[in-house]
Structure formats: structure tokens, C-alpha cells
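Report on one structure; see the data block that follows.
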Amino acid sequence: MADTVILATVGIPTLLLIILLLLPFVDTRMERRLSRRPVAIVAAALTVISMGVLTYKGATAQEAIAAEVKAAIPSWAQKEGFANSKEALAGANLFAESGCVACHTYLGTGSTNLGAPDLSAEGAKNKGIQFQIDHLKCPSCVNPGSPMPVFASLGEARLRLLAAFLEASKGPK
């Protein structure tokens, strides 16, 4: 998917802009009226339309990723054994919505940006709910030098759900 995102956000607009810039050199007629320059008009219209479509797709890409991650939650709950915990399931949904998989992996879903750890077995470390909440509130306070952003703005109740999810994540059974 990452290759298509790069192609759609960088490749196609760049190609269309280059074509648009080259058109005056290709069509050297003296006529300057727009009605007499259909190639330039079509190229400009296609560029504007593609920029609009690609901007929209870029704006909704995170929502699509969150939907893919949310679709994996039932299998996570089954593999990890927290299918009966409402708090852990709510935390898993929050995990998907908050974009945690942009940096972390969880049972093969996600990314490993900046060396962020796989959280599939985070609960096996038995750090406790309060540690998880403190870490989410201020990662660099708990782990000095941590590049993880602060999630204190989620609020205490939502942080508790995320912590319950992480503590329920003992690794695949």
C-alpha cells in the first residue's frame, strides 16, 4: 500500500505538472485564445482534477488504515485471549483509532517506525496498568529519550482503556 500512496501523492501530480510546464514548448502556435488551445485546457483540467482527487484520498487514508486495523481486532482478541474483556476490547479499538500502528506492530499489523517495539506481548512484562498510563501520558518521563509522542490529551478514562488492552496483550496463545 505504501508504494501506491507515494505514487498517488508524489508521482502522478509531479508527472502532470511537468507535462503542464512543457506544453508551451510543445504547442508553439501563435494563437493564444483558450478555445484554440484544447490540449493545454485538457491538461490543466486533468491536473486540477487529479490534485483534488489525490488530496481527498490522502485526507481519508488514515481512516482507511484505522478501518483495516479495526477489522483485525476480533482475531487479536481471539489469539491474545481477551475476547471477554470489554475494557481490553475498547482499548484495542482506541489503539486502532489513535494511530498507534503507524509506529508499533501488533500481531503483524502495523509498522516499526523509529524502532518502536511490537506490542503483542506487552502485558507479559507485567508492568501494570498504572505504568502503562504513566507511559502513555509522558513517554520520555518514563523512558528518557523516547521519541513516542505524548497521549495525555486522550484523558484518564481512555488511557485506562489503552492500558487495559496493553496489559491484556500477553502474546499469542
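The values are calculated or read from the model by the stated rules, or taken from the named source; none is laboratory data. Quick caveat: nothing in here was measured; it's all calculated off a predicted structure. Quick reminder, even Gly has a Cβ in these numbers, built from the backbone with ideal geometry, and neighbours come from all protein chains shown.
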Filter the stretch 37-60 for residues that are under 16 Å from residue 24 (Cβ atoms) and of a type in the set (A, V, I, L, M); which is modelled with the highest pLDDT?
42
Candidates 85, 111, filtered to the one that is closer than 30 Å to residue 154 by Cα and either out of contact with any Ser or Thr (no Cβ under 8 Å at 6 or more places or on another chain) or among the β-branched types (Val, Ile, Thr) (or both):
85
(1) in a helix (DSSP H, G or I); (2) basic (Lys, Arg); (3) more than 22 Å from residue 157 (Cα to Cα) all hold for residue 32 apart from (1)
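Can you name every residue in the stretch 1-29 that is part of a loop (DSSP other than H, G, I, E, B) and within 28 Å of residue 110 (Cβ to Cβ)?
Start the filter on the stretch 1-29 by keeping residues that are part of a loop (DSSP other than H, G, I, E, B), which leaves 1, 27-29.
The one that is part of a loop (DSSP other than H, G, I, E, B) and within 28 Å of residue 110 (Cβ to Cβ): 1.
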Go through the stretch 134-173 and count every residue that is in contact (Cβ under 8 Å) with a residue 24 or more places away in the chain, on the phi < 0 side of the Ramachandran plot and not acidic (Asp, Glu).
19
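Being under 17 Å from the mean Cα position of the chain (by Cα) and either under 16 Å from residue 167 (Cα atoms) or surrounded by fewer than 13 Cβ atoms within 10 Å (Cβ to Cβ) (or both) is the filter here; which residues of the stretch 112-127 pass it? Reasoning before the result, please.
Of the stretch 112-127, the ones under 17 Å from the mean Cα position of the chain (by Cα) are 112-119.
Residues satisfying the conditions are 112, 113, 114, 115, 117, 118, 119.
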Top-ranked residue in the stretch 26-36 [being modelled with pLDDT under 75 and among the hydrophobic types (A, V, I, L, M, F, W, C); ranked as surrounded by the fewest Cβ atoms within 10 Å (Cβ to Cβ)]:
30
Single match in 92, 96 (criterion: closer than 12 Å to residue 161 by Cα and either assigned to a helix (DSSP H, G or I) or at pLDDT below 85 (or both)):
92
Kindly list, by first and then second residue, each pair from a residue in the stretch 74-93 that is among the polar types (S, T, N, Q) to a residue that is assigned to a helix (DSSP H, G or I), limited to pairs with Cβ atoms under 6 Å and residues at least 6 apart or on different chains.
85/168
